[in-house]
Amino acid sequence: MRNEDSALVLQGGSLRSLFTAGVLDVLIENGIEFPYVNGVSAGSLCAMNYISKQVGRTKNVNVRYLHDKDYIGISNMLRGKGLFNFDYLFHYISKDDPFDWETFEQSNTRYVAVATNIQTCQAEYLEKKGHREIELSASASSSLPLVNPPVKLDGKEYLDGGLSDPVAYEEALRQGYHKRVVILTRERGYRKKRPSKQLMKLYCAKYGNHPQLLQTLIYMWEDYNRMMDDLEEREGKGELFVIRPVAPVDVKRVERDPKKLQALYREGRLIAEQQIPDVKTYLELY
């Protein structure tokens, strides 16, 4: 069941996306679909498993391979692969836990990965066809600054979509979808803090030859906070339906405790199960 005027919008957050995974699995189990899904960073990866209807896959992959250094590890950075090795995710892990490309491609849901063009520092909304292009667009969307190299696609270089459009609810509206369900990985009221002096030094050392990108990194916390102010205001007006954790999330971007990831996934499921009736009402599915 789906409303053709609806969109699903997924925030990133690296391994905090286990919350998103729990919510999405409940949506799949309740038969709730959307004609359009966009995801930022880890949200773009979650979106793939949602469209392929693979309940549990996001959780299983991240928990099972949490301590696999070829997937997540400093050694990957030394080999130019980045802290998160997306080539390993798509070409090795997927052999052990296959992604259902057939279901994904047969779906009539539009899949969009949000990435940041490092030359313009603007968000680009990558709606690609073909296995390799889709893998690259999700990798581009998820490539964190400092720890992952840019991803090259169509002659352009991209980094994490969260630098330019952390939650792409306005893009969903620009595409003509008015009923927007947004899944966040932080609790209501969460706001980012100014980067530390140490982090600022790292940004300057790494991206000093990209002044526009450097400015984006330095001030993105302010842009994020303004976006959250706007999102919460629109939520209050009923323009958006937001699903989020109810309490501060005790999971780091690169969390090493599988029990915390399992707990966050269960929290996502529990909150989604509680809110399914309201989601259906908002989407006018009754």
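Bear in mind these aren't lab numbers, they're just calculated from the coordinates by the rules spelled out. Predicted model, so just to flag it, every value in this text is computed and none were measured. Quick reminder, even Gly has a Cβ in these numbers, built from the backbone with ideal geometry, and neighbours come from all protein chains shown.
Laid out as a table, the results:
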{"item": "Cα-based Rg of the chain normalised by 2.2 N^0.38 Å, two decimals", "result": "0.94"}
{"item": "Per-residue HN-Hα couplings for segment 213-228 [Karplus 6.51, -1.76, 1.60; θ = phi - 60°; Hz; x = Gly/Pro]", "result": "5, 4, 4, 4, 5, 5, 10, 5, 4, 5, 4, 4, 5, 5, 4, 5"}
{"item": "16 Å cut-off, amide nitrogen to a point 7 angstrom out along MET77 Cα→Cβ, residues in segment 155-169", "result": "160"}
{"item": "Nitroxide proxy distance, nm - points 7 Å out along Cα→Cβ at LEU285 and HIS131", "result": "3.1 nm"}
{"item": "Reachable lysines, given that their alpha-carbon falls under 16 Å from the alpha-carbon of LYS192 and they are not under 8 places away in the same chain", "result": "LYS252"}
{"item": "Selection from THR20, MET77, LEU89, by position along the positive dipole direction of segment 16-150 (Cβ)", "result": "MET77"}
{"item": "Long-range HN-HN contacts of GLU255 with modeled amide H, under 5 Å", "result": "LEU15"}
{"item": "Exceeding the 21 Å Cα-Cα cut-off - candidates LYS81/LYS152; LYS152/LYS197; LYS259/LYS280; LYS81/LYS206; LYS95/LYS156; LYS128/LYS152", "result": "LYS152/LYS197; LYS259/LYS280; LYS95/LYS156"}
{"item": "Choice from VAL37, VAL147, VAL26 with maximal GNM fluctuation in the chain (Cα, 10 Å cutoff)", "result": "VAL147"}
{"item": "Extension gain (nm, one decimal) between ASP223 and LYS95, 0.36 nm per residue minus Cα-Cα", "result": "42.2 nm"}
{"item": "For the chain, built as a Gaussian network whose Cα springs stay under 10 Å, the top-fluctuating residue of GLN198, GLN122, GLN274", "result": "GLN198"}
{"item": "Pair ARG2, GLU233: separation of 7 Å Cα→Cβ label points (nm)", "result": "3.2 nm"}
{"item": "Rounded to whole Hz, the Karplus (6.51, -1.76, 1.60) HN-Hα couplings of segment 2-13, x for glycine and proline", "result": "7, 9, 5, 9, 10, 9, 10, 10, 10, 6, x, x"}
{"item": "Residue with peak Gaussian network fluctuation, the chain [Cα springs, cutoff 10 Å], from ASN117, ASN38, ASN209", "result": "ASN209"}
